[in-house]
Amino acid sequence: MARGRIEINEDNCKGCTLCTIACPQGVIVMATDHPSAKGYYPAMFVDPEGQCTGCALCAVACPDVCITVYRQVPAKTRPQEAAV
Amino acid sequence: MMVAETVLEEQVVYARPASLRDVPTHYCPGCTHGVAHRLVAEVLDELGIRERTIGVSPVGCAVFAYKYFNTDGCEAAHGRAPAMATGIKRVRPDMVVFTYQGDGDLAAIGTGEIIHAATRGELFTTIFINNAIYGMTGGQMAPTTLPGQYTSSSPAGRDVETAGFPIRMAEVIAGLPGAAYVARRSLHNVKEIMKAKKAIRTAFKVQLAGLGFSMVELLSACPTNWSMSPPEAMRWIEEAMVPYYPLGDFKVAEGVEALLKER
């Protein structure tokens, strides 16, 4: 299974929760304790067991383009085409 | 025996497209305008046409679209984006021109402009956002509001006896001879978003090939004015809007079929 991780731009996140629904691994959760500067509770990437596969479905669903997706690929090979 | 260890390196597989400026949008949480913007920007990137693209913004929620797309752009009077796009494209036929319009802009005040632009077969692309409501002005009934749908100006639900039935714009435009490619897609889940992107890519290819007018209607969510959470709004698109506004290609003119197979 491919390994991956995401970075969420919490300043641009509006807390719509659509990425948490799109994520097949359930490794995105909504913050409950720290609102962003705009007053939204942003999505957070919580993946202590390394379940993220870098599938990028969260990024496809995100209306605010807050998510950057990284995937571990074998060196010397070209990256797979992005999910879309 | 030595086993070669696979060396892994981290690569970016998804990031903000270059055609979308890195600024926060003014859209409400869960509004799929942001998704539609990103899909258009990704297509412009992939086709390599960002440097020669001119967008025309509407009046409506997407009125600031020219601030978000990293292309040239201008702002049309309410509903007149197709007329402005016609002028731009005729003066600069080497440029790629698209309009980005909502249902209040395209299906209400600007119905005449879009119909005649499509009839003339003007060589630009229209991205039509249908969210079944007037979003910017506070959630009034739109031409695309569904029968029985509650809005701030139809508090008892849209009564088709007095307000008539919603317009299926994609079907209307598809009936016009100048339209080369007309499709309707939805943005309510990841699978449909991916299909929407393919349709947008085809629409721009139709323009690049000079085959005629192209339009993609996107069923979009307005959680704020529908008084729903974003996940509820996505379900409402699927359960209420898609049955009335069927998804698919409504016009595939001669020559476009080859583009559809290209992907």
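Just for region B:57-85: of the residues that are of a type in the set (Ser, Thr, Tyr) and farther than 16 Å from residue B:128 by Cβ, which one is most open to solvent (accessible area, probe 1.4 Å)?
Per the criteria, the residue is B:66.
Give me the pairs, please: first residue somewhere in region A:17-31 and within 11 Å of chain B (Cβ to nearest Cβ), second residue anywhere and part of a loop (DSSP other than H, G, I, E, B) and open to solvent by less than 40 Å² (accessible area, probe 1.4 Å), beta-carbon distance under 7 Å, and either six or more positions apart or on two chains.
Close Cβ pairs satisfying both conditions: A:18/A:62; A:18/A:63; A:18/B:30; A:19/A:62.
Could you tell me whether any residue of region A:56-67 is open to solvent by less than 70 Å² (accessible area, probe 1.4 Å) and away from every other protein chain (no Cβ under 11 Å)?
no
Residue A:34 passes all but one of (1) closer than 22 Å to residue B:25 by Cα; (2) more than 10 Å from chain B (Cβ to nearest Cβ); (3) open to solvent by less than 40 Å² (accessible area, probe 1.4 Å); which number fails?
(3)
Report whether or not residue B:242 is in contact (Cβ under 8 Å) with a residue 12 or more places away in the chain and open to solvent by 40 Å² or more (accessible area, probe 1.4 Å).
Judged against the criteria, residue B:242 is not a match.
Within region B:44-54, does at least one residue satisfy the condition of being within 13 Å of the chain's Cα centre (by Cα) and either open to solvent by 50 Å² or more (accessible area, probe 1.4 Å) or within 14 Å of another protein chain (Cβ to nearest Cβ) (or both)?
No, the conditions are met nowhere in region B:44-54.
Considering only residues that are free of Cβ contacts under 8 Å to residues at least 40 places away in the same chain and open to solvent by less than 50 Å² (accessible area, probe 1.4 Å), which ones fall in region A:2-16?
A:15
Residue under question is residue B:180, and the condition is that it be under 24 Å from residue B:35 (Cα atoms), of a type in the set (Gly, Ala, Ser) and at pLDDT 95 or above; does it hold?
no
Among B:160, B:190, which is the only one that is without any contact (Cβ under 8 Å) to a residue 40 or more places away in the chain, open to solvent by less than 50 Å² (accessible area, probe 1.4 Å) and within 17 Å of the chain's Cα centre (by Cα)?
The conditions single out B:190.
The values are calculated or read from the model by the stated rules, or taken from the named source; none is laboratory data. What you are looking at is a predicted structure, and each value in this text was computed from that prediction instead of being measured. All Cβ positions, even for glycine, are placed from backbone atoms using ideal geometry, and neighbour counts span all protein chains on display. Side chains included, ligands, DNA and RNA excluded: accessible areas come from the protein's heavy atoms. Shrake-Rupley method; radii C 1.70, N 1.55, O 1.52, S 1.80 Å.
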